Amino acid sequence: MVCSTPLSGLYGGLARLGGVRRSRQNPNVCNRCNGHIEEGSIVELSVLFADLTGYTRLTHDLGPEQTHRILDGFRRMARDVVLKWDGSVAQFVGDEVMAYFNVPLRRADFIARAVGAASELQVGMGELSSRFGEQLELTVGIAVGHARVGSDDVKDHMAIGDVVNRAARLVARVEPGGILVDAAVYEGVAEQYPNAPRQRVPLKGFAEPVDAISLHGQGTVSVTEPKTERGARPLRAAMLLAAIVGAPCAGILLLNPLTIAAGLGAVVTAGAAAFFDQSPVRVPLLTLATAAALANLVALRRSSSRARRQNGNGGAGPTRLERRRIRLGVLLSVVALAAVTSELIAHAVMH
């Protein structure tokens, strides 16, 4: 979902031979892309802590084996929920899960996704309680802010920043079954949670109490599905094919020296060029290549601007992976436009 690398099927098998496989933190991305994490970027993200309450009591009353089953069921449920909302599980520590939203999968509504995941986690606790015959409850704390994620030489999901500490302290102040968020998180979901109770909460390690809002039992969260770039690659492929087929005169000038050097002569390229040069589809192909190239350039410019805006306020800007994809798209578009221009010039000169 970040670099479009196939992770399953035949091509996924070939990728695994090259050492590319699903990330342990998030199976929707591969273990090599994670653009933010590779660079140790400063990014804006939502941090979610969810703590299974009564863990010590469960261990004492049920013993290690049954407690392990409950803990394993909780972890599997939490992982599925976080991934469903396009988050990434950073780590499990005992009976607690920490998750990030907006890293590495960027979503404009990452705050709402974190809150939506928290609400679904609370619903899931009811299902776990029924399955294991125990009253299981969860506390959730969410904060939003900027943090440095990963490092230049260690690819992990550990974030460092005030936002992590704030989320960790919030989860310790929640009643079982509750969701406590900071003011920045609430601003992102205020319309879905009107009149949610606000309080000033002292947090350990913080000099001043912080504004915290309880979302338990309030509203519902709606998110928008992201626009994928699946159409970009077919569009670029069609653009290049149209430019190559629709530019036979330019193709002769480029390919003849190569075929002659290979001992094939100019007959091979001349025959194909003559056929396409007289074909009625030549002009439509050139028009298609030009339109697709210009559309790609506009889309890439918007994509670059959007990435910079999303990483404003001290953010890192487009990641290394995004910059590579943008440069490749620009290069392919320029090649297509160059082929069309060369064809027009060559056609005028040769005819």
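The values are calculated or read from the model by the stated rules, or taken from the named source; none is laboratory data. This one's a predicted model, so the numbers in the text were calculated from it and none came from an experiment. Cβ atoms come from the backbone with ideal geometry, glycine included; neighbour counts cover every protein chain shown. Areas reflect the complete protein model, heavy atoms only, side chains present, ligands, DNA and RNA absent. Shrake-Rupley method; radii C 1.70, N 1.55, O 1.52, S 1.80 Å.
Quick notes on this one:
- Segment A295-R57, length gained on full extension (0.36 nm per residue, minus Cα span): 79.6 nm
- Net charge of neighbours whose Cβ lies under 10 Å from the Cβ of P202, counting Lys and Arg as +1 and Asp and Glu as -1: +3
- Area of D51 that stays accessible when all protein chains are in place (1.4 Å probe, Å², to 10): 40 Å²
- Inter-label distance, nm, simple model (7 Å from Cα along the C-beta direction), E208/L17: 6.1 nm
- Cut-off under 5 Å, modelled amide H: who pairs with V29 long-range: S23
- Computed 3J(HN,Hα) for the range 75-85, one whole-Hz value per residue from the Karplus formula 6.51 cos²θ - 1.76 cosθ + 1.60 where θ = phi - 60°, is 5, 5, 5, 4, 4, 4, 5, 4, 5, 4, 8, glycine and proline marked x.
- Rg then Dmax, both in Å and based on the Cα atoms of the range 100-216: 15.2, 46.
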